[in-house]
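Visitor: Pasting a structure below so you can have a look.
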Amino acid sequence: VSDRDIYFRVNDGGSNIDAMVIDSSEGGNVIFNHDILLDSELSAIRFGASQQGSIYEHSSDIIISNSAAGNDTIFENLNSAGDTYVKNLFIDGSTSRVGIGTSSPSVKLDVSGGDIAIDATQKLYLDGGSHTYITESANDLLDVYVGGTNLLRLEESGTDSVFTTDNTHLAVGTHKDL
């Protein structure tokens, strides 16, 4: 017999429920009526013929993994018009670069097609440590710290101002020995 579905029907306290259906007309798609539970640590849902794409739990973290060396991991969704898939997050496996809004990141983190926002009073660290950063310490007040010292402050408060700390030189125009 061709094009027959397989039903896994259970009785849940007097009600018959199709817990799982294998739909042969859709090439063997499996339809679940509820959750899929993988009941042990590191159990995974694997994808593809090589099974190198997987989603699993480890130490209460959810891991999305591509174990194929050098291959990419892509998060995409259908745009609002419903006619094109948009790559929202692209992880380039061959270069270890991340693209947001681009599928060809040229630097470690490449953001394309939109602004980047950092909450007020948060810091943008520049050297991988905790001593060199830029922060908006108050409304319209931008501070630049180098080596833990506030070396430059830009302020807009009726009159634009640039401040430097003691013994700091600020050159405007042609740079000569200070």
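The values are calculated or read from the model by the stated rules, or taken from the named source; none is laboratory data. Predicted, not measured: the structure shown is a model, and the values here were computed from it. Cβ placement follows ideal geometry from the backbone for every residue including glycine, while neighbour counts extend to all protein chains displayed. Each accessible area value is taken on the protein alone, full model and side chains, heavy atoms only, with ligands, DNA and RNA left out. Shrake-Rupley method; radii C 1.70, N 1.55, O 1.52, S 1.80 Å.
Visitor: Only one of the values (i) 1.93; (ii) 1.73; (iii) 0.97 was calculated from this structure for Cα Rg over 2.2 N^0.38 Å; name its label.
Guide: The value computed from this structure is option (ii).
Visitor: On to the next question. Pulled fully out, how much extra length does the chain show between Y85 and S59, if you take 0.36 nm times their separation in residues and subtract their Cα-Cα distance? All intermediate terms of the calculation are to be shown ahead of the outcome.
Guide: Working: separation 26, 0.36 × 26 = 9.36 nm, distance 3.27 nm.
Length gained between Y85 and S59: 6.1 nm.
Visitor: Give me a comma-separated list of calculated 3J(HN,Hα) values for region 95-107, in order, Karplus coefficients 6.51, -1.76, 1.60 applied at θ = phi - 60°, integers in Hz, x for any Gly or Pro.
Guide: 10, 6, 10, 10, x, 10, x, 9, 9, 9, x, 9, 9
Visitor: Here's another thing I want to ask about it. Can you tell me which of V144, V30, V107 moves the most in a GNM of the chain? Springs connect C-alpha atoms under 10 Å apart.
Guide: V30
Visitor: Please identify every one of the trypsin sites (Lys or Arg not before Pro) in region 1-58 that sits in a loop by DSSP and has no more than 12 other beta carbons within 10 Å of its own beta carbon. Please list the in-between numbers first.
Guide: On the way: sites: R4, R9, R46; in loops: R4.
Passing sites in region 1-58 are R4.
Visitor: Provide the packing ranking of 59-67, 35-43, i.e. peptides ordered by the mean count of other C-beta atoms within 10 Å per residue, highest first.
Guide: Details: 59-67: 10.4, 35-43: 8.2.
Going from most to least packed, we get 59-67, 35-43.
Visitor: Output ³J(HN,Hα) for region 122-139: one whole-Hz value per residue in order, computed from phi by the Karplus curve 6.51 cos²θ - 1.76 cosθ + 1.60 with θ = phi - 60°, and x for Gly and Pro.
Guide: Couplings: 8, 10, 10, 7, 10, 10, x, x, 10, 10, 10, 7, 10, 8, 9, 6, 7, 4 Hz.
Visitor: I'd like the Karplus ³J(HN,Hα) series for region 37-45: coefficients 6.51, -1.76, 1.60, θ = phi - 60°, whole numbers in Hz, and an x wherever there's a Gly or Pro.
Guide: 10, 9, 8, 9, 3, 6, 5, 10, 9
Visitor: If you count only protein heavy atoms with a 1.4 Å probe, what accessible area per residue comes out for the chain, rounded to a whole Å²? Present the calculation step by step, with values, prior to reporting the outcome.
Guide: Details: 13550 Å² over 178 residues.
With the other protein chains kept in place, the chain gives 76 Å² per residue.
Visitor: Report, by chain and number, residues whose modeled amide H sits under 5 Å from the one on E76, excluding near sequence neighbours (fewer than 5 apart, same chain).
Guide: The answer is N88.
Visitor: Considering only protein heavy atoms and a probe of 1.4 Å, how much of the accessible area of region 92-161 is carbon and sulfur, as a whole percent? List each step's numbers first, then the result.
Guide: Numbers: 2350 of 4690 Å².
For region 92-161, the apolar C and S fraction of the accessible surface comes to 50 percent.
Visitor: Also: Which residues' amide hydrogens lie under 5 Å from the amide hydrogen of D5, considering only partners 5 or more residues apart or on another chain, with H built in the peptide plane?
Guide: S24
Visitor: Can you give the charge dipole size of the chain about its Cα centre, rounded to the nearest 20 debye, using +1 on the beta carbon of Lys and Arg and -1 on the beta carbon of Asp and Glu?
Guide: Numbers: 9 positive and 27 negative charges, 101 e Å.
With only Lys, Arg, Asp and Glu charged at Cβ, the dipole is about 480 debye.
Visitor: Still on this structure: For region 117-161, compute Rg over Rh where Rg is the Cα radius of gyration and Rh is the Kirkwood radius from the inverse mean 1/r over Cα pairs.
Guide: Details: Rg = 10.8 Å, Rh = 10.9 Å.
Ratio of gyration radius to Kirkwood radius for region 117-161: 1.00.
Visitor: Given the options N77, H131, A120, identify the residue whose Cα lies farthest towards the positive end of the charge dipole of the chain (+1 on Cβ of Lys, Arg; -1 on Cβ of Asp, Glu).
Guide: Value computed over the given set: H131.
Visitor: How many percent of the accessible area of region 1-87 is carbon or sulfur, using a 1.4 Å probe? Kindly include the intermediate steps, with their values, before the conclusion.
Guide: Working: 3330 of 6920 Å².
Solvent-exposed carbon and sulfur of region 1-87 make up 48 percent of the total.
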